[in-house]
């Protein structure tokens, strides 16, 4: 099913290419051809990829309604009184925000209960089945509500996800008039960003997350295969419910060894990146974004051509330089041992692709280069 979001009339308005409310509807796309404008953006990111920073750049535009993590279980617990208190912590690495993360959800709060209308707790667990499951119609209706209300407010919806990569093919089909954007970071830098939060602040959420996703989906064929290929050791408990298994993974992640944590991480990274690169209309490489002003400018042009939105990407941090400078801060994991893990993970990914097909060969090469960069960075990590 394809959802269609209404576009407000702009007759007689002055043209501002950064504002879709006044931008011409027949603007050219990057290819030089004309195509219908996209009526929203879904940012599909993994944890610790700078997806929140990218989302914040769209949120700064007056013509945008920017929804943060619409699949997070926290959405089911929101209250009018509590929204203002959910802001970046000083060690999150997130940008300063003028408004709380979930401010845009206020019109959707249930009057007599916690949470946002239409949200279900089960949405928080990503899925890797080939076809949509029985919960997907409810998820689609929930996201469609966010988009339709935004259109009624003369706003362009921009939704930033960290739990959507497995469901990206489903969402791409269901929301065909939305620009689906993948956010890509090399696996070593991405893992280190979460690992150091456990190391320095005892925050093991990002270490636990891959175990939770893989464990809940371990019976799906692709997930089962990548778990075996990467030698993932899941928590020794059965996933009887989302909440119980999430708690078990949180406990497990407090003491799991670095190598075992990385095996789970790279397994989920491969699953997500494979679906991202197959389905994204645009991929934002956050390793490159902070290093190349030309790349940032080109991305802005592509966003403007597809949606009329031109986010300011000039303030991107150089995440790759930071990762290389922080290698000596990593402990509890010997990065030299990751090369055989990477090789096994790549072997699994290559087996999923027809490399005689040019587009799939390009996916393989892009992932290979990211893993080569990860090897370069992780080679400097030491256990002590």
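Here residue 323 fulfils each of the conditions (1) modelled with pLDDT under 95; (2) crowded, with 17+ Cβ neighbours inside 10 Å; (3) over 16 Å from residue 50 (Cβ atoms) apart from (3). Of all the criteria given as (1) outside any loop (DSSP other than H, G, I, E, B); (2) without any contact (Cβ under 8 Å) to a residue 40 or more places away in the chain; (3) surrounded by fewer than 20 Cβ atoms within 10 Å (Cβ to Cβ), the one not satisfied by residue 314 is (1). The criterion of at least 3 residues that are under 21 Å from the mean Cα position of the chain (by Cα) and within 30 Å of residue 355 (Cα to Cα) is met, among helices (runs of 4 or more DSSP H) falling completely within segment 205-276, by 205-216, 221-230. Applying the criterion of being modelled with pLDDT of 95 or more and within 25 Å of residue 242 (Cα to Cα) to the residues of segment 83-109, the residue that is surrounded by the fewest Cβ atoms within 10 Å (Cβ to Cβ) is 109. Can you say whether residue 306 is in contact with a strand residue (DSSP E or B) (Cβ under 6 Å, 6 or more places away or on another chain), in a helix (DSSP H, G or I) and modelled with pLDDT of 95 or more, as far as the supplied structure shows? Considered against the rule, which asks whether it is in contact with a strand residue (DSSP E or B) (Cβ under 6 Å, 6 or more places away or on another chain), in a helix (DSSP H, G or I) and modelled with pLDDT of 95 or more, residue 306 comes out as yes. Summed over segment 115-137, residues that are loosely packed, with under 13 Cβ neighbours inside 10 Å and assigned to a loop (DSSP other than H, G, I, E, B) total 4.
Taken as a whole, the structure leaves residue 187 outside the set of residues that are touching a residue at least 24 places away in the same chain (Cβ under 8 Å), farther than 30 Å from residue 38 by Cβ and surrounded by 19 or more Cβ atoms within 10 Å (Cβ to Cβ). Among the conditions (1) in contact (Cβ under 8 Å) with a residue 24 or more places away in the chain; (2) surrounded by fewer than 17 Cβ atoms within 10 Å (Cβ to Cβ); (3) touching a helix residue (DSSP H, G or I) at 6+ places or on another chain (Cβ under 7 Å), the only one that residue 162 does not satisfy is (2).
Of all residue pairs spaced 6 or more apart or on separate chains, those with beta-carbon atoms under 8 Å, a first member in segment 78-104 that is on the phi > 0 side of the Ramachandran plot and part of a loop (DSSP other than H, G, I, E, B) and a second member that is modelled with pLDDT of 85 or more and surrounded by 15 or more Cβ atoms within 10 Å (Cβ to Cβ) are 93/48; 93/193.
Within segment 222-240, the residues that satisfy the criterion of being over 23 Å from residue 340 (Cα atoms) and either touching a residue at least 24 places away in the same chain (Cβ under 8 Å) or loosely packed, with under 14 Cβ neighbours inside 10 Å (or both) are 236, 238, 239, 240.
The values are calculated or read from the model by the stated rules, or taken from the named source; none is laboratory data. Computed from a predicted model, the values in this text were never measured in an experiment. As a convention, Cβ positions derive from the backbone with ideal geometry for all residues, glycine included, and neighbour counts pool all protein chains shown.
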